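Have a look at the structure below, then the notes.
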Amino acid sequence: AIAAGIVEGKKLGASALAAMTTRGFVELVRFGKAYGARIETMHGLSGLGDLTMCCSTPQSRNFSLGVALGEGKALDGILARRNSVAEGVYTASSVTELGRRLGVELPICSAVDAAINHGADIDASIANLLARPLKAEGPGI
């Protein structure tokens with residue numbers, strides 16, 4: 001949702017937002033499968049439904065944080081003005097590390113972690129994600 005918000009904040013358009021959300025879903029399913037989640041669960045309201053909502057509305061704390069980052073605002077300033085927690089800021093590094101341990105490819109999570117926790121340039125991170133080679137994806141992702 002943070003990555004989707006960044007796309008929105010950068011005004012990259014609806015197609016880029018849909019692509020980021022779809023690729024995020026692929027990562028969610030990959031990660032869930034590595035922990036034994038059922039594909040049916042991931043395709044339901046608690047998986048795809050929640051992801052769709054979190055990646056498309058300003059009421060989502062993570063999405064709105066991403067929008068602000070995409071607009072060029074500093075993370076410290078964004079967090080200082082909030083009364084709520086955008087949990088993705090605190091879980092990005094954990095998810096990325098768990099993915100590494102499990103051998104699960106999580107390029108979007110890794111890019112978000114790099115941007116919010118390691119000072120990576122957001123524009124360069126977007127360019128790296130867009131430069132990734134296309135792969136076939138099927139029902140088992």
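The values are calculated or read from the model by the stated rules, or taken from the named source; none is laboratory data. This is a predicted model, so every value here is computed, not measured. Methodologically, a virtual Cβ is constructed for each residue, glycine included, from the backbone with ideal geometry; neighbour enumeration extends over all protein chains shown. Quick note on the areas: whole protein, heavy atoms, side chains included, nothing else; ligands and nucleic acids left out. Shrake-Rupley method; radii C 1.70, N 1.55, O 1.52, S 1.80 Å.
Let me spell out the model: positive unit charges on the Cβ of Lys and Arg, negative unit charges on the Cβ of Asp and Glu, origin at the Cα centre of the chain. What dipole size does that give, in debye rounded to 20? Intermediate values should be presented prior to the final figure.
Details: 14 positive and 13 negative charges, 18 e Å.
About 80 debye.
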Task: Using θ = phi - 60° and Karplus 6.51 cos²θ - 1.76 cosθ + 1.60, couplings along region 69-80 (whole Hz; Gly, Pro as x) - done: 4, x, 7, x, 6, 7, 4, 4, x, 4, 5, 5
TODO: State the label only: which of (1) 9.3; (2) 8.2; (3) 11.1 corresponds to mean projected area of the Cα convex hull in nm² computed from the shown model?
DONE: (2)
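Just to confirm a number: summing +1 for Lys and Arg and -1 for Asp and Glu over residues other than Lys10 whose beta-carbon lies under 15 angstrom from that of Lys10, what do you get? Walk me through the numbers before you get to the answer.
Values: positive: Lys11, Lys73; negative: Glu8, Glu71, Asp121, Asp123.
Residues near Lys10 contribute -2 overall.
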Open item on the list: Please compute the length gained on full extension between Lys73 and Lys135, using 0.36 nm multiplied by the number of residues separating them and subtracting their Cα-Cα distance.
Closed with: 19.0 nm
Open item on the list: Using helices alone, I'd like the mean residue ellipticity at 222 nm for the chain: each DSSP H run of four-plus residues gives -39500 (n - 2.57), total over residue count, nearest 500.
Closed with: -18500 deg cm²/dmol
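Of all accessible surface on region 44-93 at a 1.4 Å probe, what whole percent is carbon and sulfur? Let's see the in-between values first.
Working: 1610 of 2780 Å².
That fraction is 58 percent.
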Open item on the list: Please report the accessible area of Glu71 (heavy atoms, 1.4 Å probe, ligands and nucleic acids excluded) in Å², nearest 10.
Closed with: 100
- [ ] Pop out the ³J(HN,Hα) list for region 21-32 in order, Karplus 6.51 cos²θ - 1.76 cosθ + 1.60 with θ = phi - 60°, rounded to Hz; leave Gly and Pro as x.
- [x] 5, 5, 5, x, 5, 4, 5, 4, 5, 4, 5, x
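Full-extension gain between Arg101 and Thr57, please, as 0.36 nm times their residue separation minus the C-alpha to C-alpha distance.
Details: separation 44, 0.36 × 44 = 15.84 nm, distance 3.19 nm.
Full extension of this stretch gives 12.6 nm more.
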